[in-house]
1. For TYR61, all conditions in the list (1) over 15 Å from ASP265 (Cα atoms); (2) at pLDDT 95 or above; (3) within 16 Å of the chain's Cα centre (by Cα) hold save one; what is the number of the exception?
2. Do the conditions hold for HIS259, that is, is it assigned to a loop (DSSP other than H, G, I, E, B) and within 23 Å of the chain's Cα centre (by Cα)?
3. Output the number of the condition that ARG73 fails; it satisfies all remaining conditions of (1) touching a residue at least 60 places away in the same chain (Cβ under 8 Å); (2) touching a Pro at 6+ places or on another chain (Cβ under 8 Å); (3) among the basic types (Lys, Arg).
4. Can you name the residue in region 258-285 that is of a type in the set (S, T, N, Q) and touching a residue at least 24 places away in the same chain (Cβ under 8 Å) and is also farthest from ARG313 (Cα to Cα) among such residues?
5. Does GLY276 fit the bill of being outside the structural domain of LEU340 (by TED's automatic domain parsing) and of a type outside the set (Ser, Thr, Tyr)?
6. In region 219-245, which residues are touching a helix residue (DSSP H, G or I) at 6+ places or on another chain (Cβ under 7 Å), crowded, with 20+ Cβ neighbours inside 10 Å and not in a helix (DSSP H, G or I)?
7. Determine whether THR255 is in contact with a Phe, Trp or Tyr (Cβ under 8 Å, 6 or more places away or on another chain) and polar (S, T, N, Q).
8. Find the strands (runs of 3 or more DSSP E) located wholly in region 96-211 whose residues include 3 or more that are without any contact (Cβ under 8 Å) to a residue 40 or more places away in the chain and in contact with a strand residue (DSSP E or B) (Cβ under 7 Å, 6 or more places away or on another chain), and list them.
Amino acid sequence: MSFSFSVSHRSGEARAGMLTTPHGTIQTPIFMPVGTRATVKTLTPDELEGLGAQIILGNTYHLYLRPGHELVREFDGLHGFMRWQKPILTDSGGYQVFSLGKTRKITEAGVEFRSHIDGSKHLITPEKSIEIQMALGADIMMVFDECPPSDAPRDYLEKSLAMTLRWAQRSRDTWRDREKQALFGIIQGGLHCDLRLQSLGSLVEMDFPGYAIGGLSVGEPPAEMYRITEYLAPHMPADRPRYLMGVGTPEDLVTCIGHGVDMFDCVMPTRNARNGTLFTNFGKLNIKKAEYACDHEPIDALCDCYTCRNFSRGYLRHLFVSGEILGLRLNTIHNLYYYLTLVRRARAAIESGIFESFQKEFFAMRK
């Protein structure tokens, strides 16, 4: 098998593991930078690797619409197209098409929607989603699912979940090259623990190589996300990777690693970098503020990223308010380095059996 997962250490519910794929082995817990359109914005693949990125995420919906999955296939998939030789995970496109609101229509067949680019009409079915992801050449693919609002009425969630499970089976039936590409199931069920368990049980019967928790971090209070994750993670198969989709803040990562989650992704570090918000060991810093204009200090005195070793807050503020591209790059380098270093530190704490102490120290330093 070219895809495998094993847990090497535990500290409480927190786990350190090794996830092997055709394009390399990933040490977990891990954060996956988001490369929506076959690029992690502002950075080269070499820079990503230098920051410690082990796996990145591509977006099925956006790559399907532009440049098109068949074109990407001609370049030997995303790895050849974007020249990233480490593992890639692709989402199913489900979250994006469901976020289109009134421009999409859900049926048992799939989701009919209009492109946000040119208004053209498209239909993505579970089969189509997997076919797109196979063409993209992802090491890890996701089943096609509906991502309903977490506060949707229970009767809607029940109907949605039943259809999502049928879609999961159709996705699995379409999955072909199981030596080269793994397929993860996605657990739905809103904020109802019993629906989550029902979803998990049905997916486990289908026997996926990994399982994701979907439908969280979509507007519900963080405490509700933590409640569901803390309840659900220990019920998930111990010998399969656990992925919490679209999460999140540094606080989210440290909390949910403590609940037993292995994998995370979020646009937050890169998007916030481009908006001037930087993550530090002491909390968030808004580099746009006038108070930093004459500040000679680095973003974070405890950080040894390229940005913090070479540039002051004053210079970074100047770049940002001047609209200089270098500012966006330096901010992104810092934020991703911070996130990737945070999960490395969490792993080291798990391996040493001191994750609880690490967690307490992390929150004590936050402003």
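1. (2)
2. Values: assigned to a loop (DSSP other than H, G, I, E, B): yes; within 23 Å of the chain's Cα centre (by Cα): yes.
It is true that HIS259 is assigned to a loop (DSSP other than H, G, I, E, B) and within 23 Å of the chain's Cα centre (by Cα).
3. Of everything listed in (1) touching a residue at least 60 places away in the same chain (Cβ under 8 Å); (2) touching a Pro at 6+ places or on another chain (Cβ under 8 Å); (3) among the basic types (Lys, Arg), ARG73 misses just condition (2).
4. Start the filter on region 258-285 by keeping residues that are of a type in the set (S, T, N, Q), which leaves 270, 272, 275, 277, 280-281.
Filter once more, keeping what is touching a residue at least 24 places away in the same chain (Cβ under 8 Å): 270, 272, 280-281.
On the way: THR270: 18, ASN272: 16, THR280: 13, ASN281: 15 Å.
Checking each candidate, the answer is THR270.
5. Numbers: outside the structural domain of LEU340 (by TED's automatic domain parsing): no; of a type outside the set (Ser, Thr, Tyr): yes.
When the stated conditions are applied, GLY276 does not pass them.
6. Matches in region 219-245: MET236, ARG242, LEU244.
7. Numbers: in contact with a Phe, Trp or Tyr (Cβ under 8 Å, 6 or more places away or on another chain): yes; polar (S, T, N, Q): yes.
So THR255 passes the test.
8. Numbers: elements: 104-106, 111-114, 121-124, 140-142, 182-187.
Passing ranges, in order: 111-114.
The values are calculated or read from the model by the stated rules, or taken from the named source; none is laboratory data. Fair warning: this is a prediction, and the values are worked out from it, not measured in the lab. For neighbour counting, all protein chains shown are included, and Cβ atoms are generated from backbone atoms with ideal geometry for every residue, glycine included.
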